[in-house]
Amino acid sequence: MNLSPIANHTKDSSTENPAPTPLSGKASYRIDKLLAASCCGSRKDIKKLCRDGRVRLGNQTISNAATKVSAEEVRELLLDGQPLEIQLTLLIMMNKRPSVLTARVDRREATAADDLPEELLERGLVPVGRLDKDTSGLLLWTNDGVLNHRLCSPRHLISKVYRLSYSGLPLGKEEVQKYAAGLALDDGPALPAALLLPLSAEEKLDRDKPGCYFEEFIGSSIAPGSLKDAESEKLRTVLLESCRQVAAERRSLAEDEALLVICEGRFHQVKRMLAALGREVTSLKRIREGSLSLDPRLDSGEWRALDEKEKASLYPVSYTHLRAHETLRY
Ligand code: URA
């Protein structure tokens with residue numbers, strides 16, 4: 001069975017239309033890569049281990065290191081008769097329901113983990129960062145702690161795009177500029193952020209320049225001195241790229257809505273950024289994180305595994321040790 005990247009997975013739908021079990025699958029893994037990822041030596045060493053008859057799959061000796069095994073069979077791999085601890089990395093995108101906590105378990109309240117199968121949770125899936133109980137949208141889950149840390153740490157400038165509605169006076173160019181310069185919050189200045197407002201009548205007419213409005217500010221107003229030059233340049237690039245990626249979403253904004261792109265994940269950050277300028281967030285949804293957009297086919301509470309391209313996009317090319325694990329992901 002295949003863990004389809006598009007299949008909808010909800011506990012409730014499982015009776016009518018059983019969710020494919022992610023632990024089995026067409027996905028198969030080369031033995032030399034699996035052994036290399038679990039530190040059994042280089043690919044050359046592993047070839048020799050196989051030739052010497054030291055690698056077994058259950059009772060069967062594996063003499064060819066290029067042999068492929070399924071995710072289920074991985075657990076039966078033995079080296080010198082001893083089981084190998086091979087952790088296949090999982091990466092899942094969920095459309096978090098509003099009204100559930102971002103947690104694996106809670107004694108009193110429903111959690112986003114209630115929408116995931118127990119067998120995946122048992123394999124160490126944890127949420128990447130946190131969305132408030134009343135926030136919906138893109139929530140990633142992984143058992144890769146290094147990746148989790150990287151996606152959450154502000155040092156790595158991974159953008160998060162939120163679609164929000166708000167109450168209070170309409171946001172305008174002045175607010176765009178304040179966010180772009182880095183807003184003072186009670187726990188220290190926020191990194192510069194991009195606020196995207198509904199298209200003005202003028203912009204709606206000019207289809208050749210989607211989003212030129214924010215570029216004007218982001219391009220000029222990242223506060224000098226707030227970041228080292230290189231970081232500031234990287235932040236500007238990340239914000240602009242995210243803004244371009246959500247240009248279509250911007251076109252669909254209602255008058256009391258906006259998009260906010262931030263590269264941090266502080267407690268209640270978006271709500272506090274709006275409150276700092278006298279507005280109140282009335283609904284909040286994360287629609288993008290780093291290179292990933294929330295799949296519009298996922299209804300509230302549904303999830304799917306990331307496809308190969310999406311997984312690869314989360315790992316920087318320079319992370320050679322992680323890239324060695326990449327082929328193990330599904
Ligand atoms: N900012 C918030 O205020 N809440 C969230 O859930 C995410 C970002």
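Points to keep in mind about this one:
- Filter pass, LYS285 being touching a Gly at 6+ places or on another chain (Cβ under 7 Å) and under 25 Å from LEU235 (Cα atoms): yes
- Test: residue in the range 155-164 that is farther than 24 Å from THR237 by Cα, in contact (Cβ under 8 Å) with a residue 24 or more places away in the chain, in contact with a strand residue (DSSP E or B) (Cβ under 7 Å, 6 or more places away or on another chain) and of a type in the set (Gly, Ala, Ser): no
- Unmet criterion (only one of (1) within 11 Å of the ligand (Cβ to nearest atom); (2) surrounded by fewer than 15 Cβ atoms within 10 Å (Cβ to Cβ)) for ARG297: (1)
- Matching residues in the range 133-149 - criterion: being assigned to a helix (DSSP H, G or I) and buried (at least 19 other Cβ atoms within 10 Å of the Cβ): LEU147
- In the range 101-124, the residues that are at pLDDT 95 or above and among the polar types (S, T, N, Q) form Cβ pairs under 7 Å with partners that are more than 16 Å from the ligand (Cβ to nearest atom) and in a loop (DSSP other than H, G, I, E, B), at six or more places apart or across chains, as follows: THR111/ARG104; THR111/VAL105.
- Screening GLU203, GLU119 for residues that are over 24 Å from the mean Cα position of the chain (by Cα) and not in a loop (DSSP other than H, G, I, E, B) leaves exactly one candidate, GLU203.
- Hey, ASP187 more than 13 Å from GLY265 (Cα to Cα) and either surrounded by fewer than 16 Cβ atoms within 10 Å (Cβ to Cβ) or more than 16 Å from the ligand (Cβ to nearest atom) (or both) or not: no
- Residues satisfying the stated conditions in the range 150-181, i.e. over 15 Å from LEU259 (Cα atoms), at pLDDT 95 or above and exposed (fewer than 14 other Cβ atoms within 10 Å of the Cβ): LEU169
- Residues (in contact with a Ser or Thr (Cβ under 8 Å, 6 or more places away or on another chain) and hydrophobic (A, V, I, L, M, F, W, C)) located in the range 84-107: LEU84, ILE86, LEU90, LEU91, ILE92, VAL100, LEU101, ALA103, VAL105
- Taking the range 265-280 as the range and being assigned to a loop (DSSP other than H, G, I, E, B) and within 9 Å of the ligand (Cβ to nearest atom) as the test, the residues that pass are GLY265, ARG266, PHE267, HIS268.
- Selected residue (criterion: farthest from LEU91 (Cα to Cα)) from residues of the range 128-154 that are among the hydroxyl-bearing types (Ser, Thr, Tyr) and within 16 Å of the ligand (Cβ to nearest atom): THR135
- Filter result for SER167 (touching a Lys or Arg at 6+ places or on another chain (Cβ under 8 Å), within 16 Å of the ligand (Cβ to nearest atom) and farther than 21 Å from LEU294 by Cα): yes
- Strands (runs of 3 or more DSSP E) wholly inside the range 29-116 that include at least 2 residues being in contact with a strand residue (DSSP E or B) (Cβ under 9 Å, 6 or more places away or on another chain) and more than 30 Å from LEU292 (Cα to Cα): 55-57, 77-79
- Among the residues examined, ILE62 does not qualify as surrounded by 13 or more Cβ atoms within 10 Å (Cβ to Cβ) and within 16 Å of the ligand (Cβ to nearest atom).
- So GLU310, is it more than 12 Å from the chain's Cα centre (by Cα), under 29 Å from THR135 (Cβ atoms) and modelled with pLDDT of 80 or more: no
The values are calculated or read from the model by the stated rules, or taken from the named source; none is laboratory data. Only a predicted model underlies this, so the values are computations on that prediction, with no experimental measurement involved. Neighbour counts run over all protein chains shown; Cβ positions are idealised from the backbone, glycine included.
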